């Protein structure tokens, strides 16, 4: 029986706490008597017979006819799936998308369906490489569909492959992939690694164009998504749900298949398993492993460290697979997500501390540049709450990450210019949106790189910045421990050499003897703050 | 007696004398045959009285060969060394295998029956070295009793290297099946070639029901496996080894139904291997569509005359090393 998450009050006997620090780690002593640590629950038990569960849900979907009865000869079937940004880190083969897609295709083959297209729903993310596609859908599906162009990346800038479906009462335009819009059935295969994913957002964002996405990826929406991990309190999701209704009314029939994974990120055995144990439970072997790992990593170059960490494949267990109509399926999925991630926490804190790991949704097989550090800390980790933010309004966020002034030139070309040009001018999301967004979004060179290379869309760094808009408005100050000083300053944050320095600096904002809460993430944990 | 020629001493040297003495002594020593011949019953075996039908000598070869020793810890250790130290490098050198479909075995726990098509003598070694853990070092093979166990040397080698047990092809016996079932119940996985022997013309043969019988009897799943390319390397009727490339494709495990008839399961196994062959020849999606429509190209090839069957093999029929022109004829 896996143990649930817990909130540990730090006292003088509490061992130093593990902080992720990019491709390395730090052990930090938090002030006794006024600090607490939110630990994630242990990985939930996985489904033993995943193929059986997939087959069962396809035959007994929620609020929908069984999938075989929706398939017929001569139909146009489109299967869309979540892109390389999920799950994090990548899943040990076979990926759950492969298992679901193969099951769907097997039913389609039995029904005599000929016209099938498989699309990576990557919105404005970079195109997936062949290796990444093979990892997600498996070699069998890739070899059968990719060579003749029936398995491909969605292109949000291809005017010939986009269909305008209408507008919501709020004036939000909906433009999605034409093949999906004109199909007889769109099967969406999703992975809900956190509660933000899935639901109408899968189609309304994953298969949409900039024209559509800009209506909810903006500072106003993000500031009013409190948090975007709680769909009922998230303006981002409200907008996607409105769009989903328009898509449905336009006649697009979606059969949603959502799956959830447990938090077995680093495995229960092996050298990385120490990273998902509670510090006071580290055995002699765990401590030796940790020390050897830290010493080894220190002696490696940044590239070697990156290669090692990016090659890690998590042995996740699948905790649910649910198919059918989007809304009931997503509600069921959220129950499974929250069962794994939520930890009840009482009251807010003055200072929230975070150890940022080596990966976020936008640097898979890539470099975590300073903008992504901001997005991961102030966007994702800050928003890992339901109810109220873990840190009080005007409080301080302390993050630990090396924050290198380094960018992947192929994946993140517009990030480089954003960092050099936009952030040098202002860090205010609203001002940034008004002044710069359109120029970057419509830049022909960025558009060309997005469509033909493996670059994120020109507007993507703006979205990363907006992702942190709620946190920027809420927090009194942000401090990064152990970061590249000029890069941290460019982000508008304060650099600190050590955690003790950062805690001392934070008293300038929140006063003496502040309360401290550390979110022990990863593995993923979400605070249910009352 | 010494003789003198021209005043010098003549005759055998001392060494020659010593040698002759040694030969004489050796001839006087009793030979093993002489000793055994001199022994009387009960020191030697009894002779059969005339007019009495001698009891048939119990053979310890063929289907009666006892392979129990091959599963002792020492033999297992030896097999591990042999499989990893000799068979694997040999298979790699001559068969260059491309192994696929391991992802289909995720979720498979406990023993299983790996059933593959059979084209060549290297199939067993190729398949055993292709099995993933935890099955690889806890597997046994079903081998033809009349071929692999007809001499003590071959039987010992087959039992040691492949952990083979004899399977009777020419007569009906329960001994093989009972032993196989017992081993499966003990947690061993089985490698079996349901065709019963290597293909004579590089097309498949009808599957026999042995694998299905064992699966139904023991309740363990059958993993269909397709071997491609081994027919070019060491096919039936030749002893010349021609290195080539091979592909091993594992299929989705087939669990016998609670009341499933072994004949139905055997049909399912053959259909699964046939679909895998189609998948290897083309792509997975086309193969699935054909499989559902019952249109997978049969493993047994076209129903036609011998030359047309050979013709239809295409590149697969070639068992020749590509001749390399000597310099300066080549670039």
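Quick note: the coordinates plus some simple rules give every number you see, no bench work behind them. Predicted model only: the values in this text are computed from it and were never measured. Virtual Cβ from ideal backbone geometry, glycine too; neighbours counted across all protein chains shown.
Which whole-number percent gives the relative contact order of chain A, counting Cα pairs below 8 Å spaced six or more residues apart?
Once normalised by length, the contact order is 21 percent.
Per the helix-only calculation at 222 nm, which mean residue ellipticity applies to chain A, given -39500 (n - 2.57) for every DSSP H run of n ≥ 4 and division by its residues, nearest 500 deg cm²/dmol?
-10000 deg cm²/dmol
What is the distance in Å between the Cα centres of region A:320-361 and region B:111-154?
Answer, in whole Å: 49.
Could you estimate the translational diffusion coefficient of region A:152-285 from the Stokes-Einstein equation, with Rh from the Kirkwood formula over C-alpha pairs, at 25 °C and 0.890 mPa s, in whole µm²/s?
It diffuses with D of about 146 µm²/s by this estimate.
Could you please rank B:165, A:54, A:367, placing first whichever residue has the fewest other Cβ atoms within 10 Å of its Cβ?
A:367, A:54, B:165
Where does each of A:178-188, B:220-230, B:147-157 land if you order them by average Cβ count within 10 Å, highest first?
Packing proxy ranking, top to bottom: B:220-230, A:178-188, B:147-157.
So, in nm, how far is label residue B:303 from label residue B:178 when the simple model puts each one 7 Å beyond its Cα toward the Cβ?
4.0
Multiplying the sequence separation of residue A:286 and residue A:505 by 0.36 nm and subtracting their Cα-Cα distance, what value in nm do you get?
So the chain would gain 75.5 nm between residue A:286 and residue A:505.
Just counting partner chain Cβ atoms within 10 Å, what average do the residues of peptide B:277-287 show around their Cβ?
4
Radius of gyration and Dmax for the protein assembly as shown's Cα atoms, expressed in Å?
Here Rg and the maximum Cα pair distance are 35.5, 142 Å.
Counting only other chains, and only Cβ atoms inside 10 Å, what mean value do you get across the residues of B:290-302?
Mean shielding count: 1.
Take B:68, A:331, A:175 and order them by how many other Cβ atoms sit within 10 Å, fewest up front.
Fewest-to-most ranking of B:68, A:331, A:175: B:68, A:331, A:175.
Grab the beta carbon distance between residue B:217 and residue B:137, set R0 = 25 Å, and tell me the FRET efficiency rounded to 0.05.
Plugging the Cβ-Cβ distance into 1/(1 + (r/R0)^6) gives 0.55.
Counting other C-beta atoms within 10 Å, which of A:345, B:280, A:7, A:137 has the fewest, and how do the rest follow?
Listing A:345, B:280, A:7, A:137 from fewest to most nearby Cβ atoms yields A:7, B:280, A:345, A:137.
Could you pull the Cα extents of region A:189-257 along its three principal axes, largest to smallest, in whole Å?
For region A:189-257, the Cα extents along the three principal axes come out at 32, 27, 18 Å.
Between residue A:34 and residue B:69, how many nm apart are label points set 7 Å from Cα along the C-beta direction?
If labels sit at residue A:34 and residue B:69, their model points lie 7.9 nm apart.
Expressed as a whole number of Å, what is the distance separating the alpha-carbon centroids of region A:407-462 and region A:64-116?
34
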